[in-house]
Structures are given as C-alpha cells and as structure tokens.
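Remarks on the structure that follows.
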Amino acid sequence: MATSIRFDPIRLPPETEVLRGEVRAFLAEEIAAGGFDPRGGYAAERFDRSFSRKVGAKGWIGMTWPRQYGGHERSFLERYVVTEEMLLAGAPTRGHFVADRQSGPILLRHAPEDIKQDILPRITAGECTFCIGMSEPDSGSDLFAAKTRAEPVDDGWRINGRKVWTSSAHYADYMIGLFRTSAPADDNRRHGLTQFLVDLKAPGITIRPIQFPTGKHDFNEVVFDDLILPADHVLGEVDMAWKQATSELAYERSGPERFLETIEVLIELVRVLGAAPDSRGSEGIGRLVAQLHTLRRMSISVAGMLAAGEEPMLQAAMVKDLGTNWEQALPGLARDLAAFADSSPTNRATFDSVIQNATAVAPKLTIQGGTTEVLRGIIARGLGLR
Amino acid sequence: MAEADTIVVDVATRIFQDLGDPQTVNNAGDDSWRAPLWQALTDSGLTLAWVPETAGGSGGARADGFAVLGLAGAHAVTLPLAETLLGGWLLAESGLEAPQGPIAVAPTRHQDRLTLAQDGTLAGTACQVPFARDCDSLALAAEGADGPVVALVAGHDCAIRPGLNLAGEAKDDVIFDGARPRLIAPAGADRDALMLMGAAARAMQMAGALQTLLDLSVRYAGERKAFGRPIAKFQVIQHDLARLAGETAAAVAAANSAGAAIEASERVDAGLLLDVAAAKIRVGEAAGTGAAIAHQVHGAIGYTKEHILHRFTHRLWSWRDDFGPESVWATRLGESVAAAGADELWPTITAA
C-alpha cells in the first residue's frame, strides 16, 4: 500500500518496569518529604534546581548518552519510562528536561570535544539548564523567516536581533539559538540558518518576561545586542541548520509529554466520579482511557523505532497532532462529565483547581513545538501530497 | 512478541488480490467471485488458522489470523472469514473439532445470553449475528447448569430472522430456543472471551479497511482536478487527509496492540480488557471520522455504487457494531477503571 503507516506493536521491555518502580519510589519519597508539590500547577513550567540535581544523582538525566560525557548508556525506552513517571507525578523537571530531550543530543552530535566535556556532565548532574531560541516576532511556524543575524567577526560571530516566546530563558544557563548567517538561496529558502550555542550570562543579552494570560511567567523575550560568540560555538554546518535535527525533532514531537502534561485531569475526574459512576460517566472515562492508551501505544512505537535507528518523522508528527489535540480537549470533556458528580467537597476542590489550570494551559499545547497546522503539513508531505 | 508468519501473509495477500479484488467484486454484480475466493482461503488453511493441526486446522499463531484479518479488511472481503476463524478457535479452546465450511459465532452482542438447559436444549436469541444464514454451523458460548459451555449447532436446527447490515451482508437474529447442539463441552473460552476475541478481530479488519480508505482518498485527491489543479494541492484537502492518516494510524496502532496482547497472553480473559476495549473503541471512532473524511474528499463520485469507496465505508460503519460498539466497550472499561479507583488508573495503563 502506497500510504501504509507503520506503528509496530512495541512493548516496553520488562527491565523498564523495574526502573519504573525505582522512579515511582523516588518520586513518592520526594513528595512525602515535601520536595515538591504534585499539585503545584502546570509542572512543565516549574523550575527546581535542587530537584533536578537529585534526578541527576539518580542517573536519570542524559540516560542514553555515552558515559564519557556523564551519560549512562541506557536505552531510549528506559528514558521513556522515566519521562512518563515524572509527568504523572507532576514533577518540576524544567531545570533539565529540555537539555535532556534535545539540547544535549544536539551538542553530542555537533559540539567540539571540549564543549561536550564541559557542558554535558553538568547537564546530567542536573546543574545546567537549556532553552531553545527559535521563534522571533516575525518568525513562528515559519521558522525559516528568522532574521536574527550572526555576522562573522574576528574569531567568531556577532549576534543582533531577538527571540520571543523563549521558555525558561530567565533561569537557563544556555540557549541553542537559530540565527541567520546568509540570505536564503533562490532555490532553497531554508538555506542560510545556523545553530549556535549561546551562554546566556555573556554580555550583550537582555532577557525580559512575557506573561501568560494567567499572569504566570515562563515566556521571555531575549534581545541580542552585539553579542559576540566564539567560532567554536557553531553547532553543525554553517547555513545548513535545515538539514540537521530530524531525529531530534522526532523525539521532541513523539514523547509522552505530548499527552501527559495535564493528565491529572483524567485522574481527578475518576476520583470525582467515584467507584460506580452512571453509564454516562463510565462511558466518558472509558473513551478517554481508550484514547490515552492508544496514544501511548503510538508514542512507544515511535520510541522503539527511534531506538532502532529509524527516523519516523511522519509517525512522530501524528503523535504530536493527535496527542496535543486530545489533551487540549480533555479539560472540556472532563468538565462536562464531572458536572453531574456528587463528590466530596475536597475531591471537588482539587478537581476544580486542576481543571482551571488545564483549561488555561490547553491553548498552548497545540502551538508549542510545532503547531497543529504545521504538523498536518508535514503529514501531508509524508503522504506525498506536497 | 511473535510476528505473523510472512508466508501466511504472502499467501493471503495473493489470494485477496487475485480473487477478492474490490473493483472486480464491485463490477461483478453477482456472487460468482464468492466460491473461488472461499475455496482458495480454505485450501490454504487460512479459515482454520486458529485450530491446532491435531484438531484438523492449520495450527497458525493468533498473530497469523489477525494479520490475515487486517488484509481481509483492506480488501473489504465479504465472507465469514473472521467468523470461521473465531468459531474454530472457540471450539478448539474447548476441545471440540471444527466442522468443514463456514462457521458463524454467537452471541456477538454483550446483552445477548444463551442458556443450555439440563435436557440438552438451548434457549435464547442472539441478535445481529453476522453471516448466520450463510453458515451451516454455529459455534456458540452459553451458560450451562454447571457453568459456561461451548456448543456447535447446525444452522438448520435454529430459527433465523434474516437481516442485513449496511453493506448488504447477512446479519441475522438466531433463535436457539429448543435447538439441540451437535457438540457440547465445558467452555475453554467463555462468552466474555468470545467478545474479546471478536472485538479484536473486527478491530483488525477495520484498521485494514481504514488503510485502504486512506490509500483511495490520497490517490483520488491526486487525480481529481478542480479550479485548475489537483485537489491534493489545496491545503484544506491536505489537512483533511492528514487527519484521515492520523485516525488510520491510531486505528492501526490500537488494533495491532490488541492483537499483540492476545498473541502474548496465555488465556483470553479479563486481563486483556484494556487493550481490546481500547482497540474496539478507538478503531470504531477512527472508522466514523475516517469514513466521513474519505467521502468528503471523494465528492459525488464516492457516493455511487460504481465507485468502490462504499465497500469500505459501509463495512466500517457496520463492523463498529459487531462484538460490542464503542459505547458499550467504553462503559465496561470505564466501570472497571472507576471501580479500581483514581490512583490505580496509571498503574493499570502501564501494566497493560
């Protein structure tokens, strides 16, 4: 079949369940000791250096990386399990998650040896936070419209321009930024962009908060004013960023964070509806659980294909499209179902606060990391339509 | 996990292509294609793949049967292949020999219950049994005086109230009252097991049909020109097809997961509820959404008898109901999740 779509029925191997038990025990201890509040709101936005250090000490950051850089040479599926359990516990992983998922792998592939030796072990220790400098005021989904310039100077590059919607920039140590080093080519408008490693403590950088509608702060504007970057901070080939990062993108799009970030909505829904809901409540829960289970199977399938060295870009885009749209609809469906429940005031209060948080976060899910529209374009290309 | 045997898959693919091509069947206007296709499936041992060789079957893995059903769905095969596989399996699990020829299974709805009285006669009606009147034999799961039983009944020993599904396939009410089974045994697999196995089988067929639906839609969008270009070049059509692809992918993943879980499981029992219910629910949802998109993309030509699209969409709509529709499985799954409690939800999902 021309458009056959492979989603192999990959199961997590048994050894990952041992690890899952360890992660659950660690998180339960942390919660019991007041290390973090599992109901502290949208976990992905919470930065907690001391928590990241503990996770690093457990060996759960950079799990798949080589030992010589502080990694642990474990499997991608083991990393998957750790990610899942952190999401379920509402753990504040912001201090290390971006570096673990994508910045570290980019450095591993493209950074010079001394930089790898310097930075990667600090990431795996939970000591080093990364952010991603992609979007600009006039360049969001259209990434290749980026205008922030990198001009060659003696021994390096001079950066001028600004990035926006940069999550975590206000506490991150480094950014991996996408800057324009040449004009687009006539036959390839994606040409001319280069990835750089940016030390956010360097002079020439101003970071300003951009608040969410809720008043919370995670987005930033990052302004570069004659920032000088050393020549060896170029990551990959100059002008050729568009060729890089395909498997990184597949990881970014297909992970469990694409449908588990506000999973407490479903758990609190089950609590509010009680042990024996009416058929409407039962059916509602059943559908949501079936959909979640299917998303998880798809996501694990992609993780398995990535672990086997494949680049399932089409499948990864589908996981993000289906996963984020499912998660976005979740608070609305849960709200409808819970409206009939006669639950204890305590359970109800928890549910209401979880729903409020998830409802406010929902619009962001289908925008960050590739909009629904961009993803469907990628899927259409995979189908041979463009 | 054991994969399906590639030889089985190759044989089935060739048979469906040669003798069950949807366009040829659609053009035929009669049943002339039916006997040769069934004969080829029987001769190659595919109809009794889930019956051990010692019991007269071909002793295939469950994965083999599920793979064949996916292909059958992809060709919109209108024969009681899934039913005969299931019937053979149900009988074999209880140590009964499978008869020659097509077998229908009952019941196929959660609410239908059959009983076997002390005097050896059956009571009860199984509604909407696919292909009942086309089969000489009916394998059924019933409640006996001493527990669940499996029995084989001759078709002419029951009363049949004929019906049709949307795709024109027999879907009959079978009235078992007073019928005396030819064979009876204590159930090695009971009624719940039959519903689980049947739901997984239909999920595989539907996932296969959705793959062809996607194929047909992508191809048509590339061929059909409007406003001076192929409609596949319009972004709105591209996004419709991307959604169809996503639904198809979800269906394939969910059905494969259920098939793999059954393949890996010693017994077909309640331990498979999450995987099988999720498959029937999610594939059923994909069938509804996917069929609507495919018709919209095809425009008026897709709403004709001449075009083969209906062979897939009508079956998808119909198959959703067999062995429990989405709503019934969702209610059962939801009840089970709720009874276990909120804090067991995630452990249940990760344990599956």
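Read the figures in this text as sums done on the coordinates, not as results from a lab. Here the structure is a predicted model, which is why all the values come from computation and not from measurement. Positions of Cβ are generated from backbone atoms using ideal geometry, with glycine treated the same way; all protein chains shown enter the neighbour counts.
Cα centroid separation, the range A:279-356 to the range A:222-256: 31 Å. Ranking B:THR248, B:ALA351, B:GLN296 by Cα position along the charge dipole of the range B:192-351, where only Lys, Arg, Asp and Glu carry charges on their C-beta atoms, puts B:GLN296 farthest toward the positive end.
One equal scatterer on each Cα of the protein assembly as shown, no solvent, Debye formula: the resulting log10 I(q)/I(0) at q = 0.07, 0.09, 0.10 Å⁻¹ is -0.55, -0.86, -1.02. Taking the Cα atoms only, what angle lies between the long axis of helix A:113-124 and the longest principal axis of chain A, rounded to 10 degrees? Tilt of helix A:113-124: around 20 degrees.
Placing a label point 7 Å from the Cα of B:ARG182 along the Cα-to-Cβ line, the residues of the range B:134-150 whose backbone N sits under 20 Å from it are B:134-142, B:149-150.
Please state, rounded to one decimal and in Å, the Kirkwood hydrodynamic radius that chain B gives when every pair of distinct Cα atoms enters the mean of 1/r.
On the way: mean 1/r = 0.0483 Å⁻¹.
So the Kirkwood estimate lands at 20.7 Å.
For the range A:313-325, backbone phi angles converted through the Karplus equation (6.51, -1.76, 1.60; θ = phi - 60°) give residue-by-residue couplings of 5, 4, 5, 5, 4, 5, 4, 5, 4, 5, x, 6, 5 Hz, Gly and Pro being listed as x.
Assuming a ≥ b ≥ c are the square roots of the Cα gyration tensor eigenvalues, decide whether the range B:252-344 counts as rounded (a/c under 1.5), prolate (otherwise, with a/b larger than b/c) or oblate.
Working: a/c = 3.11, a/b = 2.21, b/c = 1.41.
Cα axes put the range B:252-344 in the prolate bin.
Helix content alone sets the calculated 222 nm mean residue ellipticity of chain A: runs of n ≥ 4 DSSP H residues at -39500 (n - 2.57) each, divided across all residues, give -14000 deg cm²/dmol.
Remark: relative contact order (chain A) = 16 percent; criterion is Cα-Cα distance under 8 angstrom and separation of 6 or more residues. Phi angles of the range B:230-247 translate, via the Karplus equation with coefficients 6.51, -1.76, 1.60 and θ = phi - 60°, into HN-Hα couplings of x, 5, 4, 7, 7, 4, 5, 6, 4, 6, 4, 5, 5, 5, 4, 5, x, 5 Hz per residue; Gly and Pro are given as x.
Quick one: work out Rg over Rh on the C-alpha atoms of the range B:1-77, Rh as Kirkwood radius. Please report the intermediate quantities before stating the final value.
Details: Rg = 12.9 Å, Rh = 12.9 Å.
Rg divided by Rh gives 1.01.
If you place +1 on the Cβ of every Lys and Arg, -1 on the Cβ of every Asp and Glu, and leave all else neutral, what size is the dipole of the protein assembly as shown about its Cα centre, to the nearest 20 Debye?
On the way: 70 positive and 93 negative charges, 339 e Å.
I would put it at about 1620 debye.
Placing unit charges on the Cβ atoms of the charged side chains and taking the dipole of chain A about its Cα centre, the candidate lying farthest along the positive direction among A:PHE340, A:SER168, A:LEU375 is A:PHE340. As a proxy for reagent exposure, A:TYR251, A:TYR80, A:TYR171 were ordered by neighbouring Cβ count within 10 angstrom, fewest first; the result is A:TYR171, A:TYR251, A:TYR80.
With +1 on each Lys and Arg Cβ and -1 on each Asp and Glu Cβ, how big is the dipole of the range B:101-189 about its Cα centre, in debye rounded to the nearest 20? Working shown, then result.
Working: 7 positive and 11 negative charges, 18 e Å.
Roughly 80 debye, rounded to the nearest 20.
Rounded to the nearest 10 degrees, the inclination of helix B:62-74 to the longest alpha-carbon principal axis of chain B is 40 degrees. Distance between the modelled labels on A:GLU22 and A:ALA231, one decimal in nanometres: 4.4 nm (7 Å Cα→Cβ projection).
When the Gaussian network model of chain B links Cα atoms closer than 10 Å, the mean-square fluctuations of B:LEU194, B:LEU241, B:LEU140 top out at B:LEU241. Using a Gaussian network model of chain A in which every pair of alpha carbons under 10 angstrom is joined by a spring, one finds that among A:ASN220, A:ASN160, A:ASN347 the greatest mean-square fluctuation is at A:ASN347. Rank B:THR115, B:ALA260, B:GLY20 by how far each Cα sits towards the positive end of the charge dipole of chain B (+1 on Lys, Arg Cβ; -1 on Asp, Glu Cβ) and give me just the farthest. Farthest towards the positive pole: B:GLY20. With the simple spin-label model, which puts each label point 7 Å out from Cα in the Cβ direction, the B:ASN27 to A:TYR171 separation comes to 6.8 nm.
Modelled spin labels at A:GLU151 and B:GLU97, positioned 7 Å past Cα toward Cβ, are 9.2 nm from each other. Label zone (B:ASP136, point 7 Å along Cα-to-C-beta; backbone nitrogen cut-off 12 Å) within the range B:154-185: B:154-156.
Could you calculate the FRET efficiency of B:GLN235 with A:GLN211 from 1/(1 + (r/R0)^6), where r is the beta carbon distance between them and R0 is 41 Å, rounded to 0.05? FRET efficiency, B:GLN235 to A:GLN211: 0.80. Where only DSSP H runs of four or more residues are counted, chain B gives -17000 deg cm²/dmol as its mean residue ellipticity at 222 nm, each run worth -39500 (n - 2.57).
Estimated translational diffusion coefficient (Stokes-Einstein, Kirkwood radius over Cα pairs, 4 °C, 1.567 mPa s) of chain A: 59 µm² per second.
Across the alpha-carbon atoms of the range B:101-189, the computed radius of gyration and Dmax are 12.2, 40 angstrom. According to the square roots a ≥ b ≥ c of the eigenvalues of the Cα gyration tensor, what is the shape class of the range A:246-382, taking rounded for a/c under 1.5, prolate for a/b larger than b/c otherwise, and oblate for the remainder? In terms of gyration-tensor shape, prolate. The GNM of chain A, with springs linking C-alpha atoms under 10 angstrom apart, assigns the highest mean-square fluctuation among A:GLY161, A:GLY284, A:GLY215 to A:GLY215. With a cut-off of 16 Å on the backbone N, the residues of the range A:255-291 near the modelled label site 7 Å out from B:SER327 along Cα-Cβ are A:278-288. Each Lys and Arg adds +1 at its Cβ and each Asp and Glu adds -1 at its Cβ; summed about the Cα centre, chain A shows a dipole of about 600 debye. Based on every Cα atom in the range A:132-243, Rg and the maximum pairwise Cα distance Dmax equal 13.8, 45 Å. The long axis of helix B:326-340 is offset from the longest Cα principal axis of chain B by roughly 60 degrees.
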